[in-house]
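This report refers to the structure that appears directly beneath it.
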Amino acid sequence: MSTLTLRNGQKASFSQVPEYPFAEFADLFKSFITQGFSVSSYFGVPSGDGLMLLAVLTNRNQGNLALFRTRIEKTFPSLTPEIPQVHWFEREIAEQYGVVPERHPWLKPIRFHKSYNGSLDAWNRADEAIEPCVTDYFRVQGPEVHQVAVGPVHAGIIEPGHFRFQCHGEKVFHLEIELGYQHRGIERAILRAPLGKAIHLIQTLAGDTTIGHTTAWARNLESLSDTVIPARAHAIRGIALELERIANHTGDLGALAGDVGFLPTASYCGRLRGDYLNMTGSVCGNRFGRNLVRPGGVTQDIAAELAADLNKRASTTWKLTENAVDLLWSTSSVLGRFRGTGAVSSEDAVRAGLVGVAARACGLNIDVRSDLPWGIYQTHAVPSVILFSGDVHARAVIRYLESRHSVQFLKEELKMLPDTPTFQSTGALEGDSIVVSLVEGWRGEICHVALTGADGNLSHYKITDPSFHNWFGLALALRDQQISDFPLCNKSFNLSYCGHDL
Amino acid sequence: MYRIIKARLKQGYNTSRFPQVEPVLPPLFMGRPEVDAGACRGDCRDCMDACPVGAISRKGETLSMDLGKCLFCGECARICTSGAISFSRDYRMATSGRQDLSTDAWKLATALDAKARSVFGHSLKLRQVSAGGCNACEADVNVLNTLTFDLSRFGIQFVASPRHADGVLVTGPVTKNMEVALMKTMAAIPSPKFVVAVGSCAISGGIFQGNEEVCGGVEGMLPVDLYIPGCPPNPWTILDGLLRMVGQIGDRKKGR
Ligand code: SF4
């Protein structure tokens, strides 16, 4: 049995994706997972009267993607019992298309919207209003066991989500996370919108990851239109992506300090994060990199003078960042709170399919920049940082060390920007095709899958934000922890609500 | 301890002297747009077609841009061959009325009345509600708490409980799934209360207007006292707006 093997960002005719009866599809799926492939995306595509399921698995050893598909009716056997990392994907498929993965251990909605098929949804509801997060919750029974419900509106300037803790005193047995409050219908809106408008939906699907998501989108459209973008555009995208990473990591380190009541680092990093955002602002006018990345390249060049200026600012800001963050590592009360808190084992991380910082903190050597490098990362490697304790401390240290490598990378790139244009206009998209683009955003693996119809228009667009993989990791991290450690654990993952909810 | 003090000295003093000293904005910063009615040829609709959110319309002879919808993408200015649309570097963009956000009826926010100012002028507590916000508006509101801006020196603070708040600051297009939570938060705030809408999503639904999954902003749902346009608005735009509302900047500025 074979699959369609693609490189990161390589397009193919959709008919080349082999289709199998479900039983064979399931066997193939399981055998790849046993070989160590991970699920980058797994989703439904309406096809004729039925539904097609498309699996996009990543083979990190070979640096490529394996695609294969099947066709299902109203019900199909759940793969979750054998492949736990598809549990959330199956819930998404069920919610979107009203199909039922049978034997799924915990089949609940993830975003709380009506089924796209217009008739009965997977829970046999037809017209009832769907209220967010009104659903079954796992309950621990017993004397003195109590439930704590938090959200959607949290104390602080933060997006909404609902958290249910099963506690015994301070101890958390189980945390269940329900999201969907941020659901804005982005995937379907993309298909309705002209491409010039769709990019704005991509830019705001997770506003703190504008560069990451627009890069994935742009690469898909470039591939579908056979556009080769100039080298300088690749370099500028890389610089912007690393700036996004450093800014967010620095902000997170400050927030982690704040959550353990260590104010010096909290205040300095809050400000320093702004300095990095302002560097992005200097490149394109917007602190979040809005309107910088477009299919075909980038809209703004980094002229020699600006490159030199950014280089200088990167050095001084990084020195101050080191100065601020090093305080964490030399303060025993901070280390006491970070170490051993919210630990996830590497076995659980693999089974849950974690990505990005959260996975690397559990000893998983995964990073799209080195495993399936694209653009500038094909010629300029950025070392990944791997730690093993899986706790808040590991996630904090990785953020710090990664930022250091990113600063190094962007300083080198700023000195050797290739002498080419920064934009190449794109043509029409090839019809009946598929392309998958992976990008290592600051939270982890971003996966965009684009399908085109016979007319060359997008017929399906699937977005998997790293948060989609990782929210369950946060639930695992809270097992047997103190409920008072929730804010700290939550910050150490710092996942996106809107990136998940779409 | 010694290390902490040493770091404090190295980090230095970084709080801006705003509003006495103007903020430094990047050269490419896109501030309040200006429409030059005279330059507009009047016989094309390139800018309207290019705009992803339908922010540009023709009102009689004049071209008008609705900042409540605008994403500040700059497409219109790029496409216009007669240079009728340009973006200034003016970061001051907050208004008190929805209609004031149109370039043809442009009017900066005015302060609350004297009685409200006497209570809230130097003490305003807000509850922030993200209702579908993409975390960019949230981040640029949150940043006001950092020491660069040091929001609390103006007596403005974000509080955890709506019971402690004098109003809400809303971001996001108000998803259907957040509608109830937003209204409940609003109801839990004691009157009198203010509503601040931050970002084109909260004002008009922004890029999400028309999606069945969203309400399309707070307009019509809540009585808005201050509109702060942008996608996301620059932190200085937000700070300027808040200070105008409480009368610490602008016509009614009292010697501070
Ligand atoms: S800058 Fe504003 S008005 Fe102009 S095209 Fe973009 S969204 Fe429309």
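The values are calculated or read from the model by the stated rules, or taken from the named source; none is laboratory data. Note that the coordinates shown come from a computational prediction; the quantities given were computed from them, not determined experimentally. Using ideal geometry, Cβ is built from the backbone for each residue, glycine included, and neighbour counts are taken over all protein chains shown. With ligands, DNA and RNA removed, areas are computed over all heavy atoms of the protein, side chains included. Shrake-Rupley method; radii C 1.70, N 1.55, O 1.52, S 1.80 Å.
Summary table below
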read-out: Exclusive hit being within 14 Å of the ligand (Cβ to nearest atom), assigned to a loop (DSSP other than H, G, I, E, B) and under 24 Å from the mean Cα position of the chain (by Cα), set B:63, B:112, B:28; value: B:28
read-out: Residue list for region B:29-43, filter: within 14 Å of chain A (Cβ to nearest Cβ) and open to solvent by less than 40 Å² (accessible area, probe 1.4 Å); value: B:29, B:31, B:33
read-out: Residue list for region A:6-49, filter: hydroxyl-bearing (Ser, Thr, Tyr) and either part of a strand (DSSP E or B) or not assigned by TED's automatic domain parsing to the domain that holds residue A:63 (or both); value: A:13, A:20, A:38, A:40, A:41, A:42, A:47
read-out: Condition met for residue A:491 (in a helix (DSSP H, G or I) and more than 24 Å from the chain's Cα centre (by Cα)); value: no
read-out: Residues that are of a type in the set (Phe, Trp, Tyr) and in contact with a Phe, Trp or Tyr (Cβ under 9 Å, 6 or more places away or on another chain), drawn from region A:378-408; value: A:400
read-out: Residue count, region A:298-331 (criterion: closer than 30 Å to residue A:420 by Cα, open to solvent by 50 Å² or more (accessible area, probe 1.4 Å) and part of a helix (DSSP H, G or I)); value: 7
read-out: Given (1) of a type outside the set (Asp, Glu); (2) at pLDDT 95 or above; (3) touching a Ser or Thr at 6+ places or on another chain (Cβ under 7 Å), index of the condition residue A:373 fails; value: (3)
read-out: Hits in region A:157-177 - residues which are more than 11 Å from chain B (Cβ to nearest Cβ) and among the aliphatic types (A, V, I, L, M); value: A:172, A:175, A:177
read-out: Any hit, region A:14-25, residues being under 20 Å from residue A:460 (Cα atoms) and either among the hydrophobic types (A, V, I, L, M, F, W, C) or crowded, with 18+ Cβ neighbours inside 10 Å (or both); value: yes
read-out: Residues of region B:76-102 classified as surrounded by 21 or more Cβ atoms within 10 Å (Cβ to Cβ) and either within 11 Å of the ligand (Cβ to nearest atom) or within 14 Å of chain A (Cβ to nearest Cβ) (or both), total; value: 4
read-out: Residue in region A:40-57 that is farthest from residue A:466 (Cα to Cα), counting only those that are free of Cβ contacts under 8 Å to residues at least 24 places away in the same chain and not charged (D, E, K, R); value: A:48
read-out: Residues being open to solvent by less than 10 Å² (accessible area, probe 1.4 Å) and within 14 Å of residue A:38 (Cα to Cα) - total across region A:332-351; value: 1
read-out: Hits in region A:178-204 - residues which are at the interface with chain B (Cβ under 7 Å from one of its Cβ atoms) and not charged (D, E, K, R); value: A:180, A:181, A:182, A:183, A:185, A:189, A:196, A:200, A:201, A:204
read-out: Residues that are among the hydroxyl-bearing types (Ser, Thr, Tyr), surrounded by 12 or more Cβ atoms within 10 Å (Cβ to Cβ) and more than 10 Å from chain A (Cβ to nearest Cβ), drawn from region B:6-25; value: B:16
read-out: Enumeration of residues in region A:26-40 that are out of contact with any Cys (no Cβ under 9 Å at 6 or more places or on another chain) and crowded, with 16+ Cβ neighbours inside 10 Å; value: A:26, A:28, A:29, A:32, A:33, A:37, A:38, A:39
read-out: Residue B:57 more than 7 Å from the ligand (Cβ to nearest atom), open to solvent by 40 Å² or more (accessible area, probe 1.4 Å) and either over 30 Å from residue A:274 (Cα atoms) or in contact with a Pro (Cβ under 8 Å, 6 or more places away or on another chain) (or both); value: yes
read-out: Residue satisfying condition, being in the same structural domain as residue B:162 (by TED's automatic domain parsing), open to solvent by 20 Å² or more (accessible area, probe 1.4 Å) and touching a residue at least 24 places away in the same chain (Cβ under 8 Å), within set B:118, B:130, B:123; value: B:123
read-out: Index of the failed condition, residue A:43 passing every other in (1) at pLDDT below 95; (2) surrounded by 20 or more Cβ atoms within 10 Å (Cβ to Cβ); value: (1)
read-out: Selected residue (only one of A:263, A:277, A:201, A:195 is in the same structural domain as residue A:435 (by TED's automatic domain parsing) and open to solvent by less than 10 Å² (accessible area, probe 1.4 Å)); value: A:201
read-out: Filter result (within 25 Å of residue A:290 (Cα to Cα) and more than 8 Å from the ligand (Cβ to nearest atom)) within region B:34-53; value: B:34, B:35, B:45, B:46, B:48, B:49
read-out: Single residue of A:144, A:170, A:159, A:178 found to be touching a residue at least 40 places away in the same chain (Cβ under 8 Å) and open to solvent by 10 Å² or more (accessible area, probe 1.4 Å); value: A:170
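Matching residues to (1) within 13 Å of chain A (Cβ to nearest Cβ); (2) at positive phi; (3) in contact with a strand residue (DSSP E or B) (Cβ under 9 Å, 6 or more places away or on another chain); (4) buried (at least 18 other Cβ atoms within 10 Å of the Cβ):
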site	(1), (2), (3), (4)
B:4	yes, no, no, no
B:27	yes, no, no, no
B:45	no, no, yes, no
B:66	no, no, yes, yes
